[in-house]
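Report on one structure; see the data block that follows.
The values are calculated or read from the model by the stated rules, or taken from the named source; none is laboratory data. Just so you know, these numbers come straight off a predicted model, no measurement behind them. So basically every Cβ, Gly included, is an ideal-geometry build from the backbone, and we count neighbours across all protein chains shown.
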Amino acid sequence: MATYGLKIFAGNSNRELAHQICDSLEMPLGRAMISTFSDGEIRVEIGENVRGADIFVVQSGAQPVNDHLMELLVMIDAFKRASARRITAVIPYYSYARQDRKNKPRVPITARLVADLIARVGAQRILTMDLHAGQIQGFFDVPVDNLYASPILLPYIREHFNGDMVIVSPDAGGVPRARAYAKILKAGLAMIDKRRSDVNKAEALHIIGEVSGKAAVVLDDMVDTAGTLVEATKSLLDKGATEVHACVTHAVLSGPAIDRIENSALKKLVVTDTLPLRPQAAHCRKIEVVPSCRLFSAAIRNIHNEDSISTLFEILH
């Protein structure tokens, strides 16, 4: 058992999730004032003693992404200078994860840049969920615990989606995840062959696998502008799927996403609360949110107690 106190703090992007984590752990959320100066600079003041404490800072890369990233960096620096014993950055949604490789000349690897910033400023451990690319863990020089959303999404799928079902990966990269879900659910497996013509623009071209007469569940780590999801829904229905649902970890839902979802034939979009929904998304009847607080609270408890957290993500192995 750790001999120093556990304290959880939240930035502005995930305050509701942080409150739920604290309720699950039966402890109060730490006091911190986060504001801005008149010129827009971020101001942070920790409202309690954290000397020698085990600090967990909950902050996702929600919109506006750069403001929330800077908030996280400033908070970590404040805890370091206040003599916290250990600082863990709890980042339910890791922003800039899609820029994880140099896929054309003269472009940055921003996922690595963000990892360097977070580690250099003083974070000694990272806790996140469903990284867009698993190799991002290697961008950090500190331990990274990458939780899976499967303990949240699998029970929902079992309870709500009955009958002949097929799990669909929206691209080749998501096939291992979709295959693992299909195996556990004893469902069919399909993949969508897509080509990306530009940033945030994708066209579904071909479906690999049998979907005719089955309820299709599209599985992905994030939904941003929903262009891929809407194209996938249309292609699956054209190939004979009886209905199309989607289960996604991170609900980015930027730009025209909500209008696209509401005007599409997608029956339901199930997301976790790693990102807070914008008001328009919160009022969309096709979107349902499942909580992630119990998974994060279990991980935080085990990290603090120096226990293994492997049981929290072994389900996909």
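Regarding segment 109-119, can at least one residue be identified that is outside the structural domain of Ala172 (by the TED database), assigned to a loop (DSSP other than H, G, I, E, B) and either free of Cβ contacts under 8 Å to residues at least 40 places away in the same chain or crowded, with 16+ Cβ neighbours inside 10 Å (or both)?
Checking segment 109-119: at least one residue is outside the structural domain of Ala172 (by the TED database), assigned to a loop (DSSP other than H, G, I, E, B) and either free of Cβ contacts under 8 Å to residues at least 40 places away in the same chain or crowded, with 16+ Cβ neighbours inside 10 Å (or both).
Looking at segment 157-173, is at least one residue part of a helix (DSSP H, G or I), among the hydroxyl-bearing types (Ser, Thr, Tyr), in contact with a strand residue (DSSP E or B) (Cβ under 6 Å, 6 or more places away or on another chain) and assigned by the TED database to the domain that holds Asp273?
The answer is no; no qualifying residue exists.
Would you mention how many residues in segment 257-301 are within 20 Å of the chain's Cα centre (by Cα) and not hydrophobic (A, V, I, L, M, F, W, C)?
Qualifying residue count for the region: 15.
Among the residues that make up segment 95-104, is at least one of them part of a helix (DSSP H, G or I), charged (D, E, K, R) and in contact (Cβ under 8 Å) with a residue 12 or more places away in the chain?
Our first condition is that a residue be part of a helix (DSSP H, G or I); within segment 95-104, this holds for none.
Checked against the condition, which is being part of a helix (DSSP H, G or I), charged (D, E, K, R) and in contact (Cβ under 8 Å) with a residue 12 or more places away in the chain, segment 95-104 yields no hits at all.
Would you confirm whether any residue within segment 208-219 is closer than 23 Å to Asn146 by Cα and out of contact with any Cys (no Cβ under 6 Å at 6 or more places or on another chain)?
Within segment 208-219, one or more residues are closer than 23 Å to Asn146 by Cα and out of contact with any Cys (no Cβ under 6 Å at 6 or more places or on another chain).
In segment 6-88, which strands (runs of 3 or more DSSP E) lie fully inside it and hold 3 or more residues that are hydrophobic (A, V, I, L, M, F, W, C), modelled with pLDDT of 95 or more and surrounded by 19 or more Cβ atoms within 10 Å (Cβ to Cβ)?
Details: elements: 6-10, 32-36, 42-46, 54-58.
Of the strands (runs of 3 or more DSSP E) lying wholly inside segment 6-88, those with at least 3 residues that are hydrophobic (A, V, I, L, M, F, W, C), modelled with pLDDT of 95 or more and surrounded by 19 or more Cβ atoms within 10 Å (Cβ to Cβ) span 6-10, 54-58.
Is there a residue being at negative phi and in contact with a Cys (Cβ under 6 Å, 6 or more places away or on another chain) anywhere in segment 238-261?
Yes, there is a match, as at least one residue in segment 238-261 is at negative phi and in contact with a Cys (Cβ under 6 Å, 6 or more places away or on another chain).
Taking the options Ser297, Ser310, Ser292, name whichever one is more than 17 Å from Leu154 (Cα to Cα), of a type in the set (Ser, Thr, Tyr) and either touching a strand residue (DSSP E or B) at 6+ places or on another chain (Cβ under 8 Å) or at pLDDT 95 or above (or both).
Ser297
Out of (1) without any contact (Cβ under 8 Å) to a residue 24 or more places away in the chain; (2) on the phi > 0 side of the Ramachandran plot, what's the single condition that is false for Gly52?
(1)
When you scan segment 3-31, how many residues do you find that are among the acidic types (Asp, Glu) and in contact with a helix residue (DSSP H, G or I) (Cβ under 8 Å, 6 or more places away or on another chain)?
Residues that pass the stated criteria total 1.
Report yes if Asp100 is within 20 Å of Leu147 (Cα to Cα), among the charged types (D, E, K, R), assigned by the TED database to the domain that holds Gln135 and surrounded by 15 or more Cβ atoms within 10 Å (Cβ to Cβ), otherwise no.
Criteria met by Asp100.
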